[in-house]
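Novice: Shown below is the structure under consideration.
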Amino acid sequence: MHFTSEQRLDGAVLERAFTLGEIPGILWTPASVSVPTPVILLSPPPLGLRKTYPRLVARARHAAADGFATATIELPGSGDRPRWPAAEQALVNLRRAMEAGEPVSDEIIDALILPLVDKSVPEWQAALDALLALPEIGGPVGYSGGVISIGTRLAVVEPRISAAVLFAGSFVPRAMFEEARQVTIPLHVLLQWDDEGNDRQAALDLFDAFGSKEKTLHANMGGHTGVPQFAADEAGRFLARHLK
């Protein structure tokens, strides 16, 4: 992990940009850290860190106020990372089907989501290795964000993650339902009821499939980016309860 810049946000949060090989990322820590701090992995949507930075830094500020570090990395094919032609074609096919009012086929969903999960999860694990090697970062580890299939896979294969907030705002391949049954960590799932780009029933079925004994579904009216602040606050309290 190579740090490339740093700045203080209102004197309360230290923000450091980094690269991990070819992968850009950002680490936020409370400005005054006296002991190793639990860390929350903030998974962004596949829109690029520059576009999603305002949302990510807002979540990082809230987490820092609770005493947590947070970190994010650029997803494959997003932002300044090399283009991914196969994923871009799958996205074109998805938009074409939705604009035509046609059902989104399993083939389109698989082509769009599964390669992203396969590539992203090992990168998140490598990032976690590097983060936990820093003297100011310690466990436990939380996860927060989407794509929900990335969070599902991580919850299965990464034993260092103690609890996860999952954003139900992306299409779910059928293969992920079997993986969901293997998830056992506490979960808090956020669902926007009127999300035009999300298969609501698939999100509900995925929640039902999760094998966790503690799992909460927090559904609110509104579109994809309309998560109310009180719902975000409740998700923060969930992570604080499990990481402190």
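The values are calculated or read from the model by the stated rules, or taken from the named source; none is laboratory data. Keep in mind that what you see is a predicted model, and the values were worked out from it rather than measured. Note that we place each Cβ from the backbone using ideal geometry, even for glycine, and neighbour counts take in every protein chain shown. All accessible areas refer to the heavy atoms of the entire protein, side chains included, with ligands and DNA or RNA removed. Shrake-Rupley method; radii C 1.70, N 1.55, O 1.52, S 1.80 Å.
Novice: Considering (1) touching a strand residue (DSSP E or B) at 6+ places or on another chain (Cβ under 6 Å); (2) within 26 Å of residue 30 (Cβ to Cβ), say which one residue 124 fails and leave the rest.
Specialist: Result: residue 124 fails condition (1) only.
Novice: So which of 55, 83 ends up being surrounded by fewer than 16 Cβ atoms within 10 Å (Cβ to Cβ) and of a type in the set (Lys, Arg)? It would help to see each step written out before you state the result.
Specialist: Details: 55 fails: surrounded by fewer than 16 Cβ atoms within 10 Å (Cβ to Cβ).
One residue alone meets the criteria, 83.
Novice: Looking at region 86-103, which of its residues are assigned to a helix (DSSP H, G or I), open to solvent by 50 Å² or more (accessible area, probe 1.4 Å) and either farther than 21 Å from residue 195 by Cβ or modelled with pLDDT under 85 (or both)?
Specialist: Answer for region 86-103, where residues must be assigned to a helix (DSSP H, G or I), open to solvent by 50 Å² or more (accessible area, probe 1.4 Å) and either farther than 21 Å from residue 195 by Cβ or modelled with pLDDT under 85 (or both): 86, 88, 89, 91, 95, 98, 99.
Novice: Turning to a different aspect of this structure: Has region 146-156 got any residue that is exposed (fewer than 15 other Cβ atoms within 10 Å of the Cβ) and not charged (D, E, K, R)?
Specialist: The answer is no, given that none of the residues of region 146-156 is exposed (fewer than 15 other Cβ atoms within 10 Å of the Cβ) and not charged (D, E, K, R).
Novice: So, in region 24-75, exactly how many residues are under 16 Å from the mean Cα position of the chain (by Cα), more than 16 Å from residue 139 (Cα to Cα) and not in a helix (DSSP H, G or I)?
Specialist: 13
Novice: Okay, moving on. Which residue, of 179, 196, 234, is crowded, with 17+ Cβ neighbours inside 10 Å and either in contact with a helix residue (DSSP H, G or I) (Cβ under 8 Å, 6 or more places away or on another chain) or of a type outside the set (Val, Ile, Thr) (or both)? Spell out how you get there, then give the answer.
Specialist: Values: 196 fails: crowded, with 17+ Cβ neighbours inside 10 Å; 234 fails: crowded, with 17+ Cβ neighbours inside 10 Å.
Only one candidate passes the filter, namely 179.
Novice: Moving to a separate point now. Is one or more of the residues making up region 113-127 surrounded by fewer than 20 Cβ atoms within 10 Å (Cβ to Cβ), in contact with an Asp or Glu (Cβ under 8 Å, 6 or more places away or on another chain) and under 17 Å from residue 139 (Cα atoms)?
Specialist: Scanning region 113-127 turns up at least one residue that is surrounded by fewer than 20 Cβ atoms within 10 Å (Cβ to Cβ), in contact with an Asp or Glu (Cβ under 8 Å, 6 or more places away or on another chain) and under 17 Å from residue 139 (Cα atoms).
Novice: A further question follows. Within region 7-34, restricting attention to residues that are under 17 Å from residue 49 (Cβ atoms) and charged (D, E, K, R), which residue is most open to solvent (accessible area, probe 1.4 Å)? First the steps, then the outcome.
Specialist: If we filter region 7-34 for residues that are under 17 Å from residue 49 (Cβ atoms), which is where we start, we get 7, 9, 13, 15-28.
Filter again for charged (D, E, K, R), leaving 15-16, 22.
Values: 15: 20, 16: 29, 22: 113 Å².
It comes out as 22.
Novice: Every residue in region 203-226 that is surrounded by 20 or more Cβ atoms within 10 Å (Cβ to Cβ) and not in a loop (DSSP other than H, G, I, E, B), please.
Specialist: Listed by number, the residues that qualify are 203, 206, 207.
Novice: Give 37, 4, 72 a once-over and let me know the one that is open to solvent by 20 Å² or more (accessible area, probe 1.4 Å), modelled with pLDDT of 90 or more and hydroxyl-bearing (Ser, Thr, Tyr).
Specialist: Details: 37 fails: open to solvent by 20 Å² or more (accessible area, probe 1.4 Å); 72 fails: open to solvent by 20 Å² or more (accessible area, probe 1.4 Å).
Only one candidate passes the filter, namely 4.
Novice: Residue 163 passes all but one of (1) modelled with pLDDT of 95 or more; (2) under 18 Å from residue 113 (Cβ atoms); (3) not charged (D, E, K, R); which number fails?
Specialist: Checking residue 163 against (1) modelled with pLDDT of 95 or more; (2) under 18 Å from residue 113 (Cβ atoms); (3) not charged (D, E, K, R), the one that fails is (2).
Novice: Can you list the helices (runs of 4 or more DSSP H) lying wholly within region 104-188 that have 3 or more residues being without any contact (Cβ under 8 Å) to a residue 40 or more places away in the chain and of a type outside the set (A, V, I, L, M)?
Specialist: Result: 106-132, 175-180.
Novice: Can you tell me which of (1) crowded, with 20+ Cβ neighbours inside 10 Å; (2) under 21 Å from residue 126 (Cα atoms) is the one residue 189 doesn't meet?
Specialist: If we test residue 189 against (1) crowded, with 20+ Cβ neighbours inside 10 Å; (2) under 21 Å from residue 126 (Cα atoms), just (2) comes out false.
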